[in-house]
Amino acid sequence: MNRTTGARLPATLNDLFQLAMMLTMAAILTAAMVLQYDGGEIPCPLCLLQRVAMFGVCFGIIMHFRHGYSARNDGVGMLFALLLMMVSVRQTLLDIYPRPGHSYIGSAVLGLHMPVWSVVIAMAILAAFAIKFAILGDEHLRDRPPPAALGRLAKLLSLYVIAIGLINFGSVILQCGADACHTSGYRLLGGL
């Protein structure tokens, strides 16, 4: 392996890592939207904040593919992962002991509700970033743009994430209007 190939390998591995993370976040956000629309499960205000944090992680990744590697882009993703952790731990602790008339919102997926899954997801994101930095460092991650096919795939996935973000934003407006959000129905549609 020559020096150029050795220098490009960490950058390519970082691009693949970023793409895999954005694909995973897009799948999680899509699943949440399917449960919302197909299952009729209206998200609570804390659930909406968790989605914002997940979109924020994707934003940091989109910035990576748009402007190239920067520790700032990874930092944005990590900050939103911390926000996801704070919000989901708060909600998990609020709902950890069922109270009369108050239980977890939504159905369980593989035995866990979304706030608990969000704790797991936030831990996985932070661990993934830590492992990436431990293995790849950051010395050779700025060397070049991603390969053309990977760049096109990242662009398509970025557009998909932006589209589901806009759909989510529209559903929040329908659910909440200009007031505080509740889980009782879509306010602007007459409380479906």
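The values are calculated or read from the model by the stated rules, or taken from the named source; none is laboratory data. Not measured: the values here are computed from a predicted model. Glycine also receives a Cβ, built like all others from the backbone with ideal geometry; neighbour counts cover every protein chain displayed.
Side notes on the structure shown:
- Any pair with Cβ under 8 angstrom, 6 or more apart, that starts in region 111-129 at a residue that is at pLDDT 85 or above and ends at one that is not in a helix (DSSP H, G or I): Val120/Leu112
- Residue ID - farthest from the chain's Cα centre (by Cα), chosen from residues in region 62-77 that are part of a helix (DSSP H, G or I) and either of a type in the set (Gly, Ala, Ser) or within 17 Å of Met123 (Cα to Cα) (or both): Ala71
- Condition met for Pro45 (surrounded by fewer than 19 Cβ atoms within 10 Å (Cβ to Cβ) and either touching a residue at least 24 places away in the same chain (Cβ under 8 Å) or under 19 Å from Ala130 (Cα atoms) (or both)): yes
- Residue that is surrounded by the most Cβ atoms within 10 Å (Cβ to Cβ), among those in region 52-91 that are in contact with a Pro (Cβ under 8 Å, 6 or more places away or on another chain) and at pLDDT below 85: Gln91
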